[in-house]
Amino acid sequence: MTKYAAPGQSGSVVTYRDRYDHFIGGEYVPPAKGEYFANPTPVTGEEFTEIARGTAEDVDRALDAAHGAARGWGKTSVADRANVLNKIADRIEANLEMLAVAETWENGKPIRETLAADLPLAVDHFRYFAGVIRAQEGGISQIDEDLVAYHFQEPLGVVAQIIPWNFPLLMAVWKLAPALAAGNAVVLKPAEQTPASIHVLMELIADLLPPGVVNVVNGFGVEAGKPLASSRRVAKVAFTGETTTGRLIMQYASENIIPVTLELGGKSPNVFFSDVAAERDAFYDKALEGFTMFALNQGEVCTCPSRALIQSSIYSDFLGDAVSRTQAVRQGHPLDTETMIGAQASNDQLEKILSYIDIGKQEGARVLTGGERADLGGELSGGYYVQPTVFEGDNKMRIFQEEIFGPVVAVTSFSDYDDALKTANDTLYGLGAGVWSRDGSVAYRAGRDIQAGRVWVNNYHAYPAHAAFGGYKQSGIGRENHRVMLDHYQQTKNLLVSYSPNALGFF
Amino acid sequence: MPRVALTPEAADLLRRLRASHGDLMFHQSGGCCDGSAPMCYPAGEFRTGAADVHLGDLEVDSFVVPVWMSAAQFEYWSHTHLTIDVVPGRGSGFSLEAPLGMRFLVRSRLLNSEEL
């Protein structure tokens, strides 16, 4: 067991500054209005730094810097751009422990996740897009003997990115890597719940990027996010969040006639067919872990497997084992490497989860384990902790239909394949899903029939670069994590060239 | 029967927001992150349309704040009554209250047979 020292304590691998300004044009710039807001850690609820409270003036300044840098960066050779991304990856890797502690303190998630997932995935993401941009080729279409269409990919220019608070660094990297690889300059607004860890990263990599290529403006959605998303000077907006803000961003984009990519969450079904329980073997154990994945990152994942559908013939036994597995989840100090579940990211998130547990009980769902706020004592009493919770109920209940974004799974049964698919698809969303079966045909068919952009088959919560990630239905538009994301950050330029010396003969 | 209500604390916050932003509206969000939050905007900022349901109007003193939800979401929420409350918090999309260190939150109860 290791427990990392908290930032600010002696022996800590990371020190947060007392204050962070905006990162604009390669340097730190105070907010135009001179205001800052306090940033608490969800681990204890105590404030540990203050952050620039950005406004339209700061967004404009960042857009100036980005426009100043966009042309040069877009003209930089793909080899040089890829080299920059690879150097960023190397720098993150060399400082992985420091960034992991910073991220855990910022977000509340357990250190074993930031060490094993968030930061290694961020490293690989930069390397992946460094690779795909080198391998990208334009196209040539020979229309006829004398007419040739050349297709070039060109960067969009300056793009806006609005980052969520559940994976503050990784979600920023998911958006930065393809945008930078494609040759764009970026103005990025972190979530106001988690505004600080990105600056630990920016300070680490600032010397690797030409000034103005990446700009970070902090602040509240209404004061900084809106001026950015509605600006006439951005060529595209990328957003991860919820549906109402997603619609508002599309509305602003429609005024400017620019594209958006949106990732707006889900209510992902995790489907366990009866043959999962044919043996009590390694696969059965893996399936139980797959069930318990709802507790990963405290359930604050857009693809949280928050609906478990279990075939009725194995329902009681499997669910009993799954509840036992859930009860074995170790809740504790997020900086302790033995801790499996940490703190919810903010007080309002905690309150929302508790309000959902309340309506779940009112609707008659049965709490099989958990169902309460967790008080872990000592300094953690001020933090935001929820017990891993298993509800048993019906798919029409609100807890089956809304992303609680907490460590709460709602369980129901199904009779056969058709019943499973009917329930799995009875949702507004279609981001993720899980299918568990020893029968490859059943797993394949279910995977194809579930209306979701990512279906994990006999695994869950893996997010490798090179596997497209994005939503069907109301879960959004676009596919991240894959080469296809370059298409969302590039224009197609067509040069249509005639090699004929002769007039057409029309005029 | 009314489908939406307001706590006194939320009404106080609406008074403050109206003083700085003018007429207001709510649109109930869904999805991840700050999903499930009632988003408060200047009236007309969020364009509602045929895909939305008008759940009701919240009366605060002499002004009225309409509450909207997407029609698709309403199909799954229609059996519940929503009370808009407020808690200390941070951020909820572009909702107006976030810079005040507060955020609106919905508390739900089942509609009884007379209300349905």
Practice prompt. Return a whole-number percent for the relative contact order of the range A:366-411, with Cα pairs under 8 Å and 6 or more residues apart as the contact set.
Written response: 38 percent
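Report the rotationally averaged projected area of the range A:150-199 based on its alpha-carbon convex hull, in square nanometres.
3.6 nm²
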Discussion item. For the ranges A:347-354, B:21-28, what's the packing order if you count other beta-carbon atoms within 10 Å of each residue, average per peptide, and put the highest first?
Written reply: A:347-354, B:21-28
Worksheet item: Helix A:282-292 sits at what angle to the longest principal axis of chain A, using alpha carbons and giving 0 to 90 degrees rounded to 10?
Response: 80 degrees
Fill in: Charge context of B:PHE46, other residues only, Cβ under 12 angstrom, K/R +1, D/E -1
+1
Item to complete: Sort A:138-146, A:440-448 for me by packing, meaning the mean count of neighbouring Cβ atoms within 10 Å per residue, highest on top.
Response: A:440-448, A:138-146
Worksheet entry | More than 48 Å apart - percent of Cα-Cα pairs taken over the protein assembly as shown | 12 percent
Item to complete: Just tell me how shielded A:244-256 is by partners: mean number of partner chain Cβ atoms within 10 Å of each residue's Cβ, no decimals.
Response: 5
Practice prompt. Calculate the mean, over all residues of peptide A:213-222, of how many other protein chain Cβ atoms lie within 10 angstrom of the residue's Cβ.
Written response: 4
Discussion item. Quick check on the protein assembly as shown: helices-only [θ] at 222 nm, where DSSP H runs of length 4 and up contribute -39,500 (n - 2.57) each and the sum goes over total residues. Nearest 500, please.
Written reply: -9500 deg cm²/dmol
Worksheet item: Given N residues in the range A:87-156, what is Rg(Cα) / (2.2 N^0.38 Å)?
Response: 1.82
Worksheet item: How well do other chains shield peptide A:345-353, expressed as the mean number of their Cβ atoms within 10 Å of each residue Cβ?
Response: 6
Worksheet item: By how many degrees, 0 to 90 and rounded to 10, does the Cα axis of helix A:78-94 deviate from the longest principal axis of chain A?
Response: 30 degrees
Response to the item:
Percent antiparallel among DSSP beta bridges confined to the protein assembly as shown, nearest 5, equals 55 percent
Response to the item:
With R₀ set to 60 angstrom, the calculated FRET efficiency between the beta-carbons of A:LEU208 and A:ASP418, to the nearest 0.05, is 0.65
Item to complete: Calculate the spin-label point distance for A:SER77 paired with A:ASN256, positioning each point 7 Å from the Cα along the beta-carbon direction, and give it in nanometres.
Response: 3.3 nm
Worksheet item: To one decimal place, what Kirkwood hydrodynamic radius in Å is obtained for the range A:1-153 from all pairs of distinct Cα atoms?
Response: 19.1 Å
Worksheet item: A:GLU57 to A:ALA467: FRET efficiency via 1/(1 + (r/R0)^6), r the Cβ-Cβ distance, R0 35 Å, to the nearest 0.05?
Response: 0.30
Discussion item. Quick check: the angle from helix B:8-21's long axis to the longest principal axis of chain B, C-alpha only, nearest 10 degrees?
Written reply: 50 degrees
Worksheet entry | Mean shadow area of the range A:269-457 over all directions, Cα convex hull, nm² | 10.3 nm²
Worksheet item: Once a ≥ b ≥ c are taken as the square roots of the eigenvalues of the Cα gyration tensor of chain B, is the result rounded (a/c under 1.5), prolate (a/b larger than b/c) or oblate (a/b not larger than b/c)?
Response: rounded
Response to the item:
Percent relative contact order for chain A, counting Cα pairs under 8 Å at least six residues apart, stands at 18 percent
Worksheet item: By DSSP, what percent of the beta bridges with both residues in the range B:4-110 are antiparallel, rounded to the nearest 5?
Response: 75 percent
Worksheet entry | Prolate/oblate/rounded label for the range A:1-59 (Cα gyration tensor, a/c 1.5) | prolate
Worksheet entry | Spacing of the two label points (7 Å from each Cα toward its C-beta) at A:GLN362 and A:ASP439, in nm | 4.1 nm
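Read-outs: derived from the displayed coordinates by stated rules, not from any lab. Here the structure is a predicted model, which is why all the values come from computation and not from measurement. Note that we place each Cβ from the backbone using ideal geometry, even for glycine, and neighbour counts take in every protein chain shown.
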